[in-house]
Amino acid sequence: MTAISSAPFSPEEIAAEGLKLEEYEEIVKRLGRHPNKAELGMFGVMWSEHCCYKNSRPLLKQFPTTGPRILVGPGENAGVVDLGNGLRLAFKIESHNHPSAVEPFQGAATGVGGILRDIFTMGARPIAVLNSLRFGSLEDAKTQRLFNGVVAGISHYGNCVGVPTVGGEVYFDPAYSGNPLVNVMALGLMETPEIVKSGASGISNPVLYVGSTTGRDGMGGASFASAELSDESIDDRPAVQVGDPFLEKSLIEACLEAFKTGAVVAAQDMGAAGITCSTSEMAAKGGVGIEFDLDKIPVREAGMVPYEYLLSESQERMLFVAHKGREQELIDIFHRWGLHAVVAGSVIDEPIVRILFQGEVAAEIPATALAENTPLYHRKLLAEPPEYAQKAWEWTPDSLPLCTSTGLEIQGRFQSWNDILLTLLNTPTIASKRWVYRQYDHQVQNNTVMLPGGADASVIRLRPQEVEDKGKVPNSQSGVAATVDCNPRYVYLDPYEGAKAVVAEAARNLSCVGAEPLAVTDNLNFGSPEKPIGYWQLAEACRGLAEGCREMATPVTGGNVSLYNETLDSQGNPQPIYPTPVVGMIGLIPDLTQICAQAWQVEGDVIYLLGELSSYSTLGGSEYLATIHNTVAGKPPRVDFELERQVQKVCREGIRQSLIRSAHDCAEGGVAIALAECCVAGKLGADIQLELSAHNNQRWDEVLFGESGARIVVSVATEQQKTWETLIGEQLGNHWQKLGQVGNSEIGLRVLTTDNQTLIKVSIEEMSDRYLNAIERRLTIHNTTPNS
């Protein structure tokens, strides 16, 4: 007789917990008996992809995770790096994709709350938040509702809790229509002498539940996050948590105060899977057990049963292990901050999680069976790239209409390069995101040096709130730069090359503000790994990320995996998102007086392109090809890491030697868009000359809008021109080009050929109108509340 045939649960009940029948068999083996309902629920959430990474863990092992500055790598609540001068930075990225699809306001808000808890659980004070967002077409009413709700949720929680939202990225593509992505990254400065870890220790030490009350909100959220979205997902609103940012602010202060007493042995945020996850992970990491009494837990709803307690994902809750005899000291701190704090259990020698309820054992499971000895799937990789990719790679620019220096004809209508430039600037993915970031408080705490929209990366002053010598003002001349990046179209067309490009671009964005790239946190957003194409995309992207991080010397300190990002249509057919491995990268700025923005600074400054204008650029996977020609095809740009390192190094050196006045990465839309963005930001024009590459039949659209890595547009004062050209000649050889000069606001952007034919001539006003108002124009006014 099989375990299934004698199970007290039907196959449908087992599946409802997110478990496969063969996984149920494994549960029975680990327990030596059938689980009860509460235990089945515990396994359901802990064996979900969201918690145990059963499909991705074998792939994550190839990531580089060590380096001279890495203090804490993967496996804890957040990574920690050494910034020198006694400063240590905790940082992490997390996703809240499925909750945001169902309830965008609370889904996004609690995503912010969750990542902040990961930071301060380590003993760090949160100093900044960034977000990476993906939505469907902004012309669509449903997308507008999701977009409005997510942005409102992020601004509500971040603004209320007092942590600045300093940067991020927003993409719009029909691939995300039913399944938006909401990835949130947080940074924090360590305040405690010791980094707080999560492994429980000390037999008979008390286990404290602190923070908010427990209710039925967020029930089974981890399992919900590990399944496809369907038309019925709207019924899963109970799986979406409800946050209270004001309570979280108190929790931050109470936790940091508690950690400084030395009375806390270990701490764990109650995030996904709530009490189940925190008890089992703390026990498993410490090689001990935890006995926990649900009757001690403060609740907000009556009549809750063990299953509900254990699977609730009510927000703003933490689990502590305290030194025996010092628990009251901690309880008093939390009460002073208006928070709950109770001794609800103790550390035990037997390595199990034992849950008590109404005087009886409600659940008893080996801790490792929940947190470490979980299923692991080594899936078979496709022998060759899937058909969609091979077909896409066959595309060449020869299939496009012929073009001249004036433009090209598309479907019977002539479009000048002016028209195309303005169309691209009006594309929501490229256009200014000021409608988004104006809703965020990006200057609270008064340490934001580079405001959103001003540069390729965010810059935050490193100013500890507390110093050992009370009479000494903390050094605030050093800073940290942060960015989140991913071009999902590249990754869709070639996951390996696309993922390498993500790492390269993130490092380039940091280099453009003068920061030395240090380390990475990643968020892997993919479709189902159970489908051959989905697993191929995931495996190849992980291979590319690993190589990129090794090449750029930026180890991975942790992150998040979000799979099953698929929407089931009304016929039950899954529609996966583009594979989207978001990289959050941080870099060190030794001197905040030596940083750079993207805007032109002074009329007459000389404009250069670091890298190759045309040799490496391609229209494959470009924004131009997708927007102007409605085509997603071709091979995305290949990464030349040697050139990438050289270009970034000379950019950083130029900034630190005060030679470079502005720097801007060439990304979506190519050189023409990068130049236009510098003009709009600085309200100054540019006189540019470009030439075709004679040896490879280059087209003008490839020169203007082709995309490639290792390219940065910089401006330099005329009096520094000789010094600068000597430096780049020594470090880049021939891999640079003088493009022209910064002009006054009247000339706008003027791009000529070497024989003085006009390619582009557009005014600052025209570019600014398209670029700054693209998102606002598309948003319909809805007289609804933010969380409707």
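The aspartates and glutamates whose alpha-carbon is closer than 12 Å to the alpha-carbon of residue 738, local same-chain residues fewer than 8 away aside, are 605, 612, 687, 691, 725. Distance between the pseudo-spin-label points of residue 776 and residue 5 (7 Å out from Cα toward the beta carbon): 7.0 nm.
Run down the aspartates and glutamates and flag those whose C-alpha is under 19 Å from the C-alpha of residue 260, throwing out any fewer than 8 positions away in its chain. Leaving aside aspartates and glutamates fewer than 8 places away in the same chain, those within reach of residue 260 are 118, 191, 194, 248, 269, 327, 329, 332, 466, 468, 469. Here region 666-705 is treated as an ellipsoid with the same Cα gyration tensor; its semi-axes, largest first and in whole Å, are 23, 11, 5.
Computed from backbone phi, the HN-Hα couplings of region 423-440 come to 4, 5, 5, 8, 7, x, 5, 7, 4, 4, 9, 4, 4, 6, 6, 5, 7, 9 Hz, rounded to whole numbers (Karplus: 6.51 cos²θ - 1.76 cosθ + 1.60, θ = phi - 60°; Gly and Pro given as x). Charge tally for residue 462 (other residues, Cβ to Cβ under 13 Å; Lys, Arg +1; Asp, Glu -1): +1.
Among the listed pairs 380/531; 61/197; 54/380, a Cα-Cα separation exceeding 18 Å is found for 61/197. Put simply, region 356-513 fits an ellipsoid with semi-axes of 44, 35, 16 Å; these come from the alpha carbon gyration tensor as the roots of five times its eigenvalues, largest first.
Over region 534-599, Cα pairs under 8 Å with separation of 6+ residues give a relative contact order of 20 percent.
Look at the Cα gyration tensor of region 233-360: its axes a ≥ b ≥ c give a/c of at least 1.5 with a/b at or below b/c, and that counts as oblate. Counting 0.36 nm for each residue step from residue 300 to residue 329 and taking away their Cα separation leaves a gain of 7.9 nm.
Over 36 Å apart: what share of the alpha carbon pairs of the chain falls there, rounded to a whole percent? Roughly 43 percent, once rounded to a whole number.
For region 368-516, calculate the relative contact order in percent as a whole number, restricting contacts to Cα pairs under 8 Å that are 6 or more residues apart. In percent, rounded to a whole number, it is 14. The ellipsoid equivalent to the alpha-carbon distribution of region 26-161 has semi-axes of 29, 27, 15 angstrom, derived from the gyration tensor eigenvalues as √(5λ) and listed largest first.
Against the main long axis of the alpha-carbon atoms of the chain, helix 21-31 sits at an angle near 50°. Considering every Cα-Cα pair within region 256-306, what fraction, in whole percent, is farther apart than 16 Å? Value for region 256-306 (Cα pairs over 16 Å): 56 percent. Among 555, 4, 614, whose Cα projects farthest towards the positive end of the dipole of the chain, with charges put on the beta-carbon of Lys, Arg (+1) and Asp, Glu (-1)? Of the candidates, 555 comes out farthest on the positive side.
Counting only protein heavy atoms and a 1.4 Å probe, region 232-372 has 36 square angstrom of accessible area per residue. Electrostatic bookkeeping for residue 741 treats Lys and Arg as +1 and Asp and Glu as -1; over the other residues with beta carbon under 10 Å from its beta carbon, the sum is -2.
The label-point distance for residue 402 and residue 194, in a model that sets each label 7 Å from Cα toward Cβ, rounds to 7.6 nm. In plain terms, if you count all Cα to Cα distances in region 431-553 and split them into 10 Å steps from zero, the share in each step is 12, 32, 28, 20, 7, 2, 0 percent. For region 410-419, the Karplus equation 6.51 cos²θ - 1.76 cosθ + 1.60, evaluated at θ = phi - 60°, returns couplings of 10, 6, x, 10, 6, 10, 6, 5, 4, 4 Hz by residue, with Gly and Pro reported as x. Across region 637-645, computed HN-Hα scalar couplings (Karplus, 6.51 cos²θ - 1.76 cosθ + 1.60, θ = phi - 60°) run x, 8, 8, 9, 5, 4, 5, 4, 5 Hz from first to last residue, x flagging Gly and Pro. A crude spin-label estimate for the pair residue 372 and residue 602, with each label 7 Å from Cα along the Cβ direction, gives 6.1 nm. Summarising the overall dimensions of region 396-443 from its C-alpha atoms, the Rg and Dmax are 16.5, 50 angstrom. Of the residues 747, 182, 277, the one whose Cα sits farthest towards the positive end of the charge dipole of the chain is 747 (charges of +1 on Lys and Arg Cβ, -1 on Asp and Glu Cβ, taken about the Cα centre).
The orientation-averaged projection of the convex hull spanning the C-alpha atoms of region 572-729 amounts to 12.1 square nanometres. Which part of region 579-620 falls in the paramagnetic zone of residue 638, meaning amide N under 19 Å from the point 7 Å along Cα-to-beta-carbon? Only 611-620 fall inside the zone, counting backbone N under 19 Å.
The alpha-carbon positions of region 645-788 define a convex hull whose volume is 172 Å³ per residue.
About the centre of its Cα atoms, the chain shows a dipole size close to 1100 debye [charges on the beta carbon of Lys, Arg (+1) and Asp, Glu (-1) only; nearest 20 debye].
Taking 0.36 nm per residue of separation and subtracting the Cα-Cα distance, full extension of the segment from residue 145 to residue 336 would add 64.8 nm. Cross-link pairs exceeding 30 Å between alpha carbons, from the set 433/761; 20/635; 92/296: 20/635; 92/296.
For residue 291, the shell of other residues with beta-carbons less than 14 Å away shows a net charge of -4, using +1 for Lys and Arg and -1 for Asp and Glu. Residue 253 label point, 7 Å along Cα→Cβ, cut-off 16 Å on backbone N: hits in region 135-169? What the label zone holds, given the 16 Å backbone N cut-off, is 160-163.
Per residue, the average separation of C-alpha pairs within less than 8 Å and at least 6 apart gives the chain a relative contact order of 15 percent. Looking at region 330-437, the trypsin sites (Lys or Arg not before Pro) that sit in a DSSP loop and have at most 13 other Cβ atoms within 10 Å of their own Cβ are 380.
Shown here for region 686-753: GluC sites (Glu not before Pro) in loop regions (DSSP other than H, G, I, E, B) with at most 11 other Cβ atoms within 10 Å, namely 746.
The values are calculated or read from the model by the stated rules, or taken from the named source; none is laboratory data. In this text, all values refer to a predicted model and were calculated from it rather than measured experimentally. Reconstructed Cβ throughout: ideal geometry from the backbone, glycine too, with neighbour counts over all protein chains shown. What goes into the accessible areas is simple: the full protein's heavy atoms, side chains included, and nothing from ligands, DNA or RNA. Shrake-Rupley method; radii C 1.70, N 1.55, O 1.52, S 1.80 Å.
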